[in-house]
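Student: Quick one: the structure is below, questions incoming.
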Amino acid sequence: MYTALSPGALGMSVGSLKEGIALAASAGYGGLEISIHEVQTLIASEGAATVRAWFDDAGVKPAAWGLPVAWSGAEEEWKQGVETLKGYAAAAEALGCDRTMTWILSGSNDRTFEQNLAFHVERFTPIAAVLNDHGVRLGLEFLGPQTIYKSFTHRFVHTMAGMLEMGDQIGPNVGLLLDCWHWYTAGGTLEELAKLDQRRVVYVHVNDAPVGVALEDHIDNQRGLPGATGVIDLPGFLRALEAIGYDDPVTPEPFGNPATWAADALRGVWAKAGL
């Protein structure tokens, strides 16, 4: 496994791909999430070999890219997005960045579970096929907090097992964007991680949860830096992934803000010091 930087997940912005690579390298990250829009443009103007060399020279890998398809919207927009994806996937293949990801809302006010499942399978199957043509895998993220899916009329997929089952219906290159926050809030266990096929784990997010909040009360954007509170068994989580052979990016996604992160980190230090 190697650490990867997602500037946006840390509330940061970078002006260009080169600046992002430099930032990742200087901070000791092994990888960087990329903007596939920017990469496609740069490959067209500079050539794929040149862009790859920027990463190689810095010792940083192109880790992943967000799926640039408006798959949940109007049908025409979705179909156009699938067509546009062909160029993006080709650019990713040329760069050697073989994973993309998106998240799936865990409920609907309009569609029953069965209707929503059919909708997602229909929308993602052609997306997965385009990606597969270019050797790219798709990671789908389930959202675990009960505070999300209980707010909808109809619940939808919100567990690791459920997302894997849906992925099976979409395509052979579909797996998980596995976030330890959503794994924890969904009641996930180390035992279920141990049974995972590492090929189904496309990408990994890590973070921590606030102290003193009941499992059913966690709010999605109220998180901490990885290991800051110890509420989530992140060492166990990472050891389980290593044991199944996952050797790919691990990206911090704490949300929150620097003041919250600093406070959580200090509370973690206090607890370890017995103060």
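The values are calculated or read from the model by the stated rules, or taken from the named source; none is laboratory data. Here the structure is a predicted model, which means the values were calculated and not measured. So basically every Cβ, Gly included, is an ideal-geometry build from the backbone, and we count neighbours across all protein chains shown.
Yes/no matrix, rows are residues, columns are (1) among the aromatic types (Phe, Trp, Tyr); (2) surrounded by 13 or more Cβ atoms within 10 Å (Cβ to Cβ); (3) under 16 Å from the mean Cα position of the chain (by Cα); (4) in a helix (DSSP H, G or I):
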| residue | (1), (2), (3), (4) |
| --- | --- |
| His37 | no, yes, no, yes |
| Leu42 | no, yes, no, yes |
| Trp71 | yes, yes, no, no |
| Leu105 | no, yes, yes, no |
| Asn116 | no, yes, no, yes |
| Pro126 | no, yes, no, yes |
| Leu131 | no, yes, no, yes |
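Student: Could you tell me which numbered condition Asp248 fails, if it satisfies all but one of (1) more than 16 Å from Leu178 (Cα to Cα); (2) at pLDDT 95 or above; (3) not polar (S, T, N, Q)?
Tutor: Evaluating Asp248 over (1) more than 16 Å from Leu178 (Cα to Cα); (2) at pLDDT 95 or above; (3) not polar (S, T, N, Q) leaves (1) as the failure.
Student: Residue check: is Leu32 assigned to a strand (DSSP E or B) and not aromatic (Phe, Trp, Tyr)?
Tutor: On the way: assigned to a strand (DSSP E or B): yes; not aromatic (Phe, Trp, Tyr): yes.
Yes: the conditions hold for Leu32.
Student: Mind checking which residues of the stretch 133-167 are in a helix (DSSP H, G or I), out of contact with any strand residue (DSSP E or B) (no Cβ under 8 Å at 6 or more places or on another chain) and closer than 24 Å to Glu93 by Cα?
Tutor: First, the residues of the stretch 133-167 that are in a helix (DSSP H, G or I): 133, 146-149, 160-167.
Now narrow it down to the ones that are out of contact with any strand residue (DSSP E or B) (no Cβ under 8 Å at 6 or more places or on another chain): 133, 146-147, 161-162, 165.
Within the stretch 133-167, just Asp133 meets the criteria.
Student: A follow-up question, please. Quick check: is even one residue across the stretch 90-100 surrounded by fewer than 19 Cβ atoms within 10 Å (Cβ to Cβ), in contact with a Phe, Trp or Tyr (Cβ under 8 Å, 6 or more places away or on another chain) and either farther than 26 Å from Val250 by Cβ or of a type in the set (A, V, I, L, M) (or both)?
Tutor: no
Student: Phe142 fails exactly one of the following numbered conditions: (1) surrounded by fewer than 20 Cβ atoms within 10 Å (Cβ to Cβ); (2) within 25 Å of Ser108 (Cα to Cα); (3) within 18 Å of the chain's Cα centre (by Cα). What is the number of that condition?
Tutor: (1)
Student: How many residues are under 21 Å from Thr185 (Cβ atoms), in contact (Cβ under 8 Å) with a residue 40 or more places away in the chain and of a type outside the set (S, T, N, Q) when one looks only at the stretch 247-270? First the steps, then the outcome.
Tutor: Just the residues of the stretch 247-270 that are under 21 Å from Thr185 (Cβ atoms), to begin with: 250-257, 260-261, 263-265, 267-268.
Now narrow it down to the ones that are in contact (Cβ under 8 Å) with a residue 40 or more places away in the chain: 250-255, 257, 264-265, 267-268.
Next, from what is left, pick out any that are of a type outside the set (S, T, N, Q): 250, 252-255, 264-265, 267-268.
Total satisfying the criteria: 9.
Student: Moving on to the next point. Among Trp103, Trp54, Trp65, which is the only one that is of a type in the set (A, V, I, L, M, F, W, C) and touching a residue at least 40 places away in the same chain (Cβ under 8 Å)?
Tutor: After applying the criteria, what remains is Trp103.
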